[in-house]
1. For GLU178 and GLU302, what is the calculated FRET efficiency with R₀ set at 51 Å and r taken between the beta-carbons, to the nearest 0.05?
2. Tell me, what is a quarter of the convex hull surface for the C-alpha atoms of the range 124-269, in nm² with one decimal?
3. ILE534's amide H: which non-local residues (gap 5+, or another chain) put their own amide H closer than 5 Å, with H modeled 1.01 Å from N in plane and none for Pro or chain starts?
4. With +1 on the Cβ of every Lys and Arg and -1 on the Cβ of every Asp and Glu, and nothing else charged, how large is the dipole of the chain about its Cα centre, in debye rounded to the nearest 20?
5. Report the Cα-based extents of the range 632-705 along its three principal axes, largest first, to the nearest Å.
6. I'm spelling it out carefully: the read-out is Rg and Dmax of the Cα atoms in Å, the candidates are (1) 28.6, 92; (2) 33.7, 124; (3) 29.0, 107, and one was derived from this structure. Which label?
7. Tell me, what is the per residue accessible area of the range 630-686 in Å², probe radius 1.4 Å?
8. Send over the Kirkwood Rh of the range 561-675, from the inverse of the averaged 1/r over different Cα pairs, rounded to one decimal Å.
Amino acid sequence: MLRKIGKILLALLGIVVVLVSVGAIWAANTPVPVDPPILDADSGTGSIAAVSAISGLLREFPPMNTPADNQVTDERAELGRQLFFDPILSAENDMSCATCHHPDRGFSNGEVAGRTGRNVPTLWNVGYAQFLQWDGSMDSLESQALTPLTHADEMAANLDEMASELTAIPAYQAMFDEAYGGDVSAETVTYALAAFQRTLVTKLSPFDRYAQGDRDALTPEQRRGLALFRSGATRCFECHAAPTFADDTFRVIGVPSGDLGRAAVADDGMEGAFKVPTLRNIALTAPYMHDGSMETLEEVVEFYADGGGRAHDLSGIDPFVSGFDLSEQEQEDMVAFLYALTDESTLPAIPGTALSGLPSIVRYNNPDRRTVLSFNTARTGGYALPDREPTTIMISPDDDVQAKVDDALPGDTILFEYGIYHERVATDVNGLTFEGIANGAGEYPIFDGQGTLSEAFIASGSDFKIGKLHVRNYTDNGILVEGAKNVHIYDIISEDTGTYGIYPTKSTNVLVERVVASGVNDAAIYAGQCRDVIVRDSEVFGSVLGIELENTLNGAAYNNYAHDNSLGIFVVVLPQLTAKISRNSQIYDNVVVNNNIPNFADEGMAAALVPPGVGILSLAADNVEIYNNEIRDHRTAGVAIFSLTAGFDINEIDVGPNPEDNYVHDNIFSNNGYDPVASVADLGIPVGDTLWDGSGWNNRFDEPDAQHGFPLLMPNEDWGMRRKRVHWHFLNRLVSMLE
C-alpha cells in the first residue's frame, strides 16, 4: 500500500515537474508586451523655437496632418473651396459646409450649439490637428468630412447621388480632372474639402508680428496679458501653447453640460473631457466652450479664474485648471491679449454664386471685427533692431525693473544691485543674461513676491542665463523658462515659491546647477517636456518632490543632495501632454536621504499621487539608469519602479504606461522600507531597498547587497533574455493573482 502511494506521489511530482517545465519553455519563448516605440524626433520633447534675431516666442509650426495620397495642390485647394461653399453637397441643396463654418464668423456659426448639440469649432489652422471633433473621434480631415456630409441633422447627403450631380456639371468635372484625374466620388469630395481646409492658416496676427521682433505690435495691455498667459498663475500656456495655441489632448475643465465628451468614444476617455481648441481668431468665434454656454471672453477668463468646474463642485477637474486671482485690470489685460491672436489675412473669397448655380452663403457683418480693431491699436509694419553693441544694464531696487528689462536687446547683460525687489519680471528676448551682484557677505539680491506675485521670472528667450539671485515667497513658481533653447540656471536660492522652484519646460539644452530649492508643493527643481537636461550640484528639501524629470528626453541628475522631501528624485512620463516619452535619464552620484515628509501637494495634481518615503521613483519612464547613489532612511522604499497604471487616474493614458529598460546598480542602501505608508503597505507585499511592481520589460537590478522588497528575486544584467522572459511571465501571473 505504501509503495503504491509512493508511486502515485512520484507520478504527481513528475506531472508537476513536466507542467513547470512546459510552462517555463512556453514563458521563455513567449514575447512580453512592450509599449509602442516612439522615435526621438516624434517624442514632442524640447523647444520648437524658430530661428529669430530677437524673440524666443517665435515657434515652428508642426507638420500638417496630411495623408500621403492627398498632398495639397492649388487645383485641389481651389476645388475644395468651390465645394465648401456649394449647397449641392446637401440632400436638399440648401446647406453648404460654410453654413455652419462661416468665414465671417471665424469659420464657426455664432450659435450656442450646432445641429449636433455642440458648438461649431473654428477651422482656422485645423490642418495641424491630429484629432478632430470636440471628442477627438476623427483623426483626419478626410474622414471627418464624411460626418457632416451624411449626418441626418446636417447635410444628409446620399453620397452616390451627390457624386452624380457633380459629374453632371462641366465646370466641376473639369476641376476634378485637374485635381484627381477625373475621379468624381465621395472620397475625392472629402479629399478636396480637406485640401482647402489645410489652406486656412493664420500666422500674421499682432502676436505673430511681436514674436517676429516687432516690439510695438502689441499694446502695453496686450504685453501684460501675454505675461499673465505665460505665467504659472494662470498656466494657460500649458494647454494653449504657441504657435497653434491648441493641443491634441483632452481635458476636463468642468463646464456643467452633462456631455460625456471623450468618454463616449474612447474606452479609457474621461467623462467630460474635450479636445483643447485653438485660441487663434478666438475673438471672432463667440460663443465659447464645447456647448457654447459662454458668450464673451471675459466670461471665459472668469470661469478659469474660478477654477473651472471646481466652482460647481465637480470632481476630476484637470490639474492645470486650478483657479487664480486676477485684478480687474489683469482680467482686461488677458482679454486684450486674446484679441491679439486675430488674423484674417488669408481669408478665402466667398463665391457669389456656386458652380452649381445655387446661391452661396450670405455675407455677415461681424461686429467682433470692429472690437478687434479697437483692441489691436498698436503700430504695425516693419521693425529694425537698434544698431548698437550688446551692453550691460544696471538695475537697482528703486528702478522700474520691467521697463528696464523691456529695453534689453539680444546679448545684453542685466545686473541687479544688492537689495530686495518686489517684482515679477517677464522677458522673451534671446541672448539675455540676468545676474545678481552679491553684497560683502556673499548674499544675493532678493526677489520677494510677498505671497502675492505669481513668480519672480518668466522667460522664453533662447540662450538665456540667470544666476546669483535669491527668490522667495511667490505663489506659483520661482523661475519659469518656457520654450527656450540653451538655458543656464545657476547659483539660485529658491524658497517658498508655490508649485515649482526652478521650472524649465518645453526647452532644449538645459543646465541647472548650484541651486538650493525648498518649500514647494510640487517639485523644487523641475524639468518638464524638455530635451537634454542636466541638474547637478544642487540641494533640494522641504518639498513634495525634490528633483523631477517629467516627459523629458536625455536627462541627468548628479551630485545632488535630496533630503527631507516626500520623494527625493522622480523620473516620470505623464499622459495628456505634448511630449509622449520620458527616456534616457541617468541618476547618479546623488545623496538621497530621509525623504519621508507627508505629501502636501494640492488635490488633483499628479504629485499628490506619490507615496511619501521613497528615495528615487521611476514611474513609467524608460532607459533610466540609477547608480552610485547613497540612498538611505526611507520608510517605504529606496528605489521604486512602477507602471503608470498603478493607481494613476488623472486622464486618458496616451503614453506607453510601462517602465522599460531601467537599470539599477551599484548604489549604497541602508535603512529603507522600515515603515511603508498605508497605500503601499495595503498591497501586502514586502518592501525594502528596491521595489518593483513587475511591469515593463528588461528592468534590471544589480544590487547584491540590497534588501529587496517585491519581488525578492530581481533580474540582473547577467540574465539572458529567455530567463528574463520566464521570470517576467511568472512574476506577472503572481501579481495578477494578488490583485
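1. Working: r = 51 Å, r/R0 = 1.00.
For R0 = 51 Å, the calculated efficiency reads 0.50.
2. Details: hull surface 51.8 nm².
Mean shadow area of the hull around the Cα atoms is 13.0 nm².
3. Hits under the 5 Å cutoff: VAL510, LEU511, VAL512, ALA556.
4. Values: 47 positive and 104 negative charges, 368 e Å.
That gives the chain a dipole magnitude of about 1760 debye.
5. 38, 28, 17
6. Working out Rg and Dmax of the Cα atoms in Å from the coordinates points to (3).
7. Working: 2320 Å² over 57 residues.
Heavy-atom SASA per residue in the range 630-686 reads 41 Å².
8. On the way: mean 1/r = 0.0701 Å⁻¹.
One decimal place: 14.3 Å for the Kirkwood radius.
The values are calculated or read from the model by the stated rules, or taken from the named source; none is laboratory data. None of these values were measured; they are calculated from a predicted model. Glycine gets a Cβ as well: all are built from the backbone with ideal geometry, and neighbour counts include every protein chain shown. In case anyone asks, the SASA skips ligands and DNA or RNA and just uses the protein heavy atoms, side chains included. Shrake-Rupley method; radii C 1.70, N 1.55, O 1.52, S 1.80 Å.
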